[in-house]
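Asks: Below you will find the structure I want to go over with you.
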Amino acid sequence: MTVVWIVLAVVVLLAIYVVIAYNRFVSQRNLVQESWRQIDVELKRRHDLIPNLVETVKGYATHEREVFDAVTKARAAAASPGSSPAEQGRQEGALGQALGRLFAVAEAYPDLKASTNFLELQQQLAETEDRIAAGRRFYNANVRALNTRVESFPSNLVASSFGFHKEEYFEVEDEAVRAAPTVDFS
């Protein structure tokens, strides 16, 4: 009879462990999704600022059509919905490069650099870049915690049983793209 009680206690403890592990996976998965949505909000804000910035620069540098087209195309690609974090990272990297070229064009126009509208857009973009970077760190930390649980024993048994999987990090591969665009025109 004692053996039956011991086996029953082990089964109950395993069931409790599985329930607790499952709930932690759900919690971590939801935290990863929430942190990605926060990044998505900031990326949308960034994408909304870019047309205003392009229009402001266009007013001063009408002959730089190629740069404006590159920024517009990169923004459209980055703003397209449904991208995975890895794909979004690549698209945002291309957008950062295009913005860098736009700021290089703006450098040649002293009146533009003194424009209040341009300076406000520049400040808003810098603030948005900071929030995106903070959101990326928060998201990637949550992804790391979830991925560690998915790969660690014995929680990996629960993960594979209930279909939990590793998530992608949000990162940019190219070192030149990793740096936020410089927006200092002083």
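The values are calculated or read from the model by the stated rules, or taken from the named source; none is laboratory data. What you see is a predicted model; the values in this text were computed from it and never measured. As a convention, Cβ positions derive from the backbone with ideal geometry for all residues, glycine included, and neighbour counts pool all protein chains shown.
Asks: Can you name every residue in the stretch 84-114 that is small (Gly, Ala, Ser), more than 17 Å from residue 74 (Cα to Cα) and either under 12 Å from the mean Cα position of the chain (by Cα) or buried (at least 19 other Cβ atoms within 10 Å of the Cβ) (or both)? Reasoning before the result, please.
Replies: Pass one, the stretch 84-114, residues small (Gly, Ala, Ser): 84, 86, 89, 93-94, 96, 98, 100, 104, 106, 108, 114.
Checking the rest, the ones that are also more than 17 Å from residue 74 (Cα to Cα) come to 106, 108, 114.
Passing the criteria: only 106.
Asks: I need the full set of residues from the stretch 41-71 which are crowded, with 18+ Cβ neighbours inside 10 Å and either among the acidic types (Asp, Glu) or within 18 Å of residue 148 (Cα to Cα) (or both), in order please.
Replies: Result: 42, 64.
Asks: Only one of (1) polar (S, T, N, Q); (2) farther than 18 Å from residue 137 by Cα; (3) in a helix (DSSP H, G or I) is not met by residue 83, so which one is it?
Replies: Of (1) polar (S, T, N, Q); (2) farther than 18 Å from residue 137 by Cα; (3) in a helix (DSSP H, G or I), only one is false for residue 83: (3).
Asks: Which residue is farthest from residue 16 (Cα to Cα), if the candidates are limited to the stretch 152-166 and must be within 26 Å of the chain's Cα centre (by Cα) and of a type in the set (A, V, I, L, M, F, W, C)?
Replies: 164
Asks: Identify the residue in the stretch 130-186 that is modelled with pLDDT of 90 or more and among the acidic types (Asp, Glu) and, among all such residues, is surrounded by the most Cβ atoms within 10 Å (Cβ to Cβ).
Replies: Step by step, filter the stretch 130-186, then rank; the result is 167.
Asks: Same structure, new question: Exactly one of (1) small (Gly, Ala, Ser); (2) touching a residue at least 24 places away in the same chain (Cβ under 8 Å); (3) part of a helix (DSSP H, G or I); (4) surrounded by fewer than 19 Cβ atoms within 10 Å (Cβ to Cβ) is unmet by residue 76. Its number?
Replies: Status for residue 76: all satisfied but (2).
Asks: Next question, about the same structure. I'd like the full set of residues that are of a type in the set (Gly, Ala, Ser) and outside any helix (DSSP H, G or I), limited to the stretch 34-61.
Replies: Hits for the stretch 34-61 are 59, 61.
Asks: Then there's this: Within the set of pairs 6 or more residues apart or between chains, which connect a residue that is over 18 Å from residue 154 (Cβ atoms) and modelled with pLDDT of 95 or more inside the stretch 1-30 to a residue that is assigned to a helix (DSSP H, G or I) and of a type outside the set (A, V, I, L, M, F, W, C) with Cβ atoms less than 7 Å apart?
Replies: No pair meets every condition.
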